[in-house]
Amino acid sequence: MSQSDKKIVITFVIQGKEFPIEVNINQNIKGAVHKALNQAGQQGSIEGWELRTEGGKVINMNSSFKDQNIGDSIKLFLSKGAGRGGFINTKN
C-alpha cells in the first residue's frame, strides 16, 4: 500500500458518543466530519461545527489528516461552535 492510500481510523466524539470512521490520510477532513455527523444523526451542513483534539487544539477541516499530523486511533471532538447549537425555551 502506498503512502497516498494509507487508511487510518479516527474516532469522532459527538455529544459524548464515539463514531469510528476509516479515512485516507490524504483526504480532506470535512468529508470525514460529514460522514461522522450523518452517523450521529446530525444531517445537514457541517457549518457551525468545530473539531478539536483531546488537548483542545482546533483542527482546520479544510486540510488533510496528514497535513494536520493526525494519526491512527486518535479521538477528535466535534461540537457546535461558540454561540451556536443552543435552543430557546419558549415555554414558561
Handout entry: Subset of the range 61-82 [in contact with a helix residue (DSSP H, G or I) (Cβ under 7 Å, 6 or more places away or on another chain) and among the aliphatic types (A, V, I, L, M)]
Key = MET61, LEU78
Problem - Cβ pairs under 8 Å, 6+ apart, first in the range 12-26 and in contact (Cβ under 8 Å) with a residue 12 or more places away in the chain, second of a type in the set (Asp, Glu) - result: PHE12/GLU18; ASN24/ASP5
Handout entry: Residue check, PHE19 over 22 Å from LYS6 (Cβ atoms) and of a type in the set (Phe, Trp, Tyr)
Key = no
Practice task
Filter the range 65-92 down to the residues that are at pLDDT below 95 and basic (Lys, Arg), then identify the one that is surrounded by the fewest Cβ atoms within 10 Å (Cβ to Cβ).
Solution key: LYS91
Fill in the blank from the handout: With the first residue restricted to the range 50-76 and required to be on the phi < 0 side of the Ramachandran plot, and the second required to be small (Gly, Ala, Ser), Cβ contacts under 6 Å at 6 or more apart or on different chains are GLU50/SER79; GLU50/GLY81
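The values are calculated or read from the model by the stated rules, or taken from the named source; none is laboratory data. Worth saying up front: this structure is predicted, and the values here are computed from it rather than measured. All Cβ positions, even for glycine, are placed from backbone atoms using ideal geometry, and neighbour counts span all protein chains on display.
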